[in-house]
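See below for the structure under consideration.
The values are calculated or read from the model by the stated rules, or taken from the named source; none is laboratory data. Only a predicted model underlies this, so the values are computations on that prediction, with no experimental measurement involved. Cβ placement follows ideal geometry from the backbone for every residue including glycine, while neighbour counts extend to all protein chains displayed.
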Amino acid sequence: MKLLYIFLIFVTLINAQIRFQGKCPDFKVKQPFDSSRYLGKWYEAEKYFVRFEVGGKCITATYTDEGDGVIGVLNRQLNIASGNETTIKGTAALAGVPDEAKLSVVFPSIPFGRPAPYWVLETDYENFSIVYSCTNFEDYQTTTLWILTRQRFPCPAVIREARWIIGNYGLKRSLLMKTDQRNCPADH
């Protein structure tokens, strides 16, 4: 019985994602978007639950210029239990109107991976970025939201501003979970 209980918890975690009824909204994104100012390291401050980050801490995303309008993506995290680092590399490219912050991200190492939306709703490039991803299914959507910051421990005013903007988009701030950035290696 105990094994069945553990299996059910595992299946629930694997299939869990933030789901909402209806189709993904077509939000206004950062425009004009300057991808060169967006490059560099970002620290994950808060997020909606995402299954691929379960058990992770010290989560970062680093963006690099790969030429021809392609942005390199390197996501890193440490496993809370083992302390081992997990990385995944991908690429992002503008998905729509030039200078509009609607990007499409691909991670080639994911089997059957398909491009995922990566929309920068707002950023000041120096302190925070609000990233939104939404995928439509038959009668529901799965939504992910991240607050990224340039500092591992941003000042509270930066988070308050990002959360205020999220509220103005009508997104649920109550679903945001704080990312553990404590006791991280200096180079991570």
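Here ALA95 passes the criteria (1) within 18 Å of the chain's Cα centre (by Cα); (2) modelled with pLDDT under 85; (3) over 19 Å from ILE130 (Cβ atoms); (4) among the small types (Gly, Ala, Ser) except the one numbered (3).
Step by step: first the residues of segment 138-169, then only those that are modelled with pLDDT under 95 and of a type outside the set (Val, Ile, Thr), then the one that is surrounded by the fewest Cβ atoms within 10 Å (Cβ to Cβ). Which residue is that?
Filtering first and then ranking leaves GLU138.
Pairing each residue of segment 124-143 that is of a type in the set (D, E, K, R) with any residue that is part of a loop (DSSP other than H, G, I, E, B), provided the two are 6+ apart or on different chains, yields C-beta distances under 8 Å for GLU126/ARG150; ASP139/GLY22.
When the residues of segment 63-96 are filtered to those that are part of a loop (DSSP other than H, G, I, E, B) and touching a residue at least 12 places away in the same chain (Cβ under 8 Å), which remaining residue is farthest from HIS188 (Cα to Cα)? Write out each step before concluding.
Of segment 63-96, the ones part of a loop (DSSP other than H, G, I, E, B) are 68-69, 80-84, 95-96.
Still in the list and also touching a residue at least 12 places away in the same chain (Cβ under 8 Å): 69, 80-81, 95.
Details: GLY69: 26, ILE80: 14, ALA81: 17, ALA95: 29 Å.
My answer is ALA95.
Of the residues making up segment 115-139, those that are of a type in the set (S, T, N, Q) and touching a Ser or Thr at 6+ places or on another chain (Cβ under 7 Å) are THR123, ASN127, SER129, SER133, THR135. Looking for whichever is closer than 20 Å to PRO154 by Cβ and surrounded by fewer than 18 Cβ atoms within 10 Å (Cβ to Cβ) here; the options are GLU126, GLU46, GLU100. Which one fits? After applying the criteria, what remains is GLU126. Flag set for SER129, criterion: in contact with a helix residue (DSSP H, G or I) (Cβ under 8 Å, 6 or more places away or on another chain) and under 25 Å from PRO32 (Cβ atoms). Among the residues of segment 37-74, those that are modelled with pLDDT under 95 and under 27 Å from TYR169 (Cβ atoms) comprise TYR48, PHE49, VAL50, ARG51, PHE52, GLU53, VAL54, GLY56, GLY69.
The set of residues in segment 137-188 that are under 26 Å from VAL106 (Cβ atoms), in a strand (DSSP E or B) and out of contact with any Gly (no Cβ under 9 Å at 6 or more places or on another chain) comprises THR142, THR143, THR144, LEU145, TRP146, ILE147, LEU148, THR149, MET177.
The condition (being more than 18 Å from VAL54 (Cα to Cα), without any contact (Cβ under 8 Å) to a residue 40 or more places away in the chain and outside any loop (DSSP other than H, G, I, E, B)) is satisfied by just one residue among VAL120, VAL105: VAL105.
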